[in-house]
Amino acid sequence: MRGEQVLELIEKPKDPPSNYAAIGTYAFDPSVFARIDKLKPSARGEYEITDLLNTYIPEGKLRAVKITGEWFDVGTFDRLHEAAAHIRKKLNA
């Protein structure tokens, strides 16, 4: 990132170049539909949001906001449970 401008997004890198994460609330312009039509499935056989977001970078149209504080990956039930337990512990402290 340079300020709010995103320079590159990498989907699930094995060796992340930074500690940033795209945690995902997005607002798109009307060109999003044409961009989606041009996407191809990834090696995982999925359409990746990062591929869509990366189409905006060459035009300088992808911006991000850094959020500080705690963040939890809640992509599994176990992780959601861990995050909830952590928050409950803080609230009851």
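The values are calculated or read from the model by the stated rules, or taken from the named source; none is laboratory data. Remember, it's a predicted structure, so these values are computed and weren't measured experimentally. Every residue, glycine among them, receives a Cβ derived from its backbone with ideal geometry; neighbour counts consider all protein chains shown.
Observations
- Taken as a whole, the structure places GLY69 among residues that are in a loop (DSSP other than H, G, I, E, B) and either touching a residue at least 60 places away in the same chain (Cβ under 8 Å) or closer than 26 Å to GLU4 by Cα (or both).
- Within the set SER18, SER31, the sole residue that is surrounded by fewer than 10 Cβ atoms within 10 Å (Cβ to Cβ) and of a type in the set (Ser, Thr, Tyr) turns out to be SER18.
- Hey, ALA43 closer than 15 Å to ARG63 by Cβ and over 12 Å from the mean Cα position of the chain (by Cα) or not: no
- Residue check for ALA22: touching a Ser or Thr at 6+ places or on another chain (Cβ under 9 Å) and assigned to a loop (DSSP other than H, G, I, E, B): yes
- Candidate set: the range 68-82, residues that are surrounded by 10 or more Cβ atoms within 10 Å (Cβ to Cβ) and not acidic (Asp, Glu); chosen: the one farthest from PHE28 (Cα to Cα): HIS81
- When restricted to residues that are exposed (fewer than 13 other Cβ atoms within 10 Å of the Cβ) and in a loop (DSSP other than H, G, I, E, B), the range 35-46 contains 6.
- The number of residues in the range 51-66 being under 17 Å from the mean Cα position of the chain (by Cα) and either loosely packed, with under 14 Cβ neighbours inside 10 Å or in a loop (DSSP other than H, G, I, E, B) (or both) comes to 8.
- Only one of ILE23, ILE36 that is out of contact with any Leu (no Cβ under 9 Å at 6 or more places or on another chain) and of a type in the set (A, V, I, L, M): ILE23
- Enumeration of residues in the range 1-49 that are of a type in the set (Ser, Thr, Tyr), at pLDDT 90 or above and within 30 Å of THR68 (Cβ to Cβ): TYR26
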